[in-house]
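Undergrad: Sharing a structure, written as C-alpha cells. Questions coming.
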Amino acid sequence: MREGMEIIIVIAVVVVIVAIVTLVVAKRRRTVRDERHRQEAQEQRDLAKVSALEADRRGAEAEERAARAKRESIAAEQQKLAAASHRGAADDLNAKADDLDPDI
C-alpha cells in the first residue's frame with residue numbers, strides 16, 4: 001500500500017512539474033509572439049509614416065503645379081489682352097492712314 005502511495009505521489013509531482021513547465025513555455029511563447037507583433041506593428045507604422053510623407057510631398061507638388069498653371073493662365077490672358085489692344089491700335093492707325101491717304 002505504501003508503495004502504491006509513493007507511485008501516486010511521484011505521478012502527482014511529475015504532473016505538477018509538467019504543468020508548470022507547460023505554463024512557463026506557453027508564457028515564453030506568448031512573450032516572443034507579442035514582441036514579434038510589436039516589431040511588425042512598428043514596421044507598419046514606419047511604412048505608414050513614409051507613405052504619408054510621400055503623399056504630402058506629392059500633394060505639395062500638385063499644389064505648386066496648379067499655382068504655376070494659374071500664374072501662366074493669368075499671364076497668357078494678360079498677353080492676349082495686350083495683343084488685342086495692340087491690334088486695336090494698329091487698326092486705328094491703319095484707319096487714320098486710310099483717312100489721310102488721298103489715293104484711297
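Undergrad: Would you confirm whether or not segment 84-94 contains a residue that is among the aliphatic types (A, V, I, L, M), under 37 Å from the mean Cα position of the chain (by Cα) and surrounded by 10 or more Cβ atoms within 10 Å (Cβ to Cβ)?
TA: No, there is no match, as no residue in segment 84-94 is among the aliphatic types (A, V, I, L, M), under 37 Å from the mean Cα position of the chain (by Cα) and surrounded by 10 or more Cβ atoms within 10 Å (Cβ to Cβ).
Undergrad: Within the group ALA55, ALA19, which residue is more than 37 Å from the chain's Cα centre (by Cα), at pLDDT 95 or above and of a type in the set (Gly, Ala, Ser)?
TA: ALA19
The values are calculated or read from the model by the stated rules, or taken from the named source; none is laboratory data. Every value quoted in this text rests on a predicted model; they were computed, and no experiment measured them. Cβ sites come from the backbone with ideal geometry, for glycine too, and all protein chains shown count toward neighbours.
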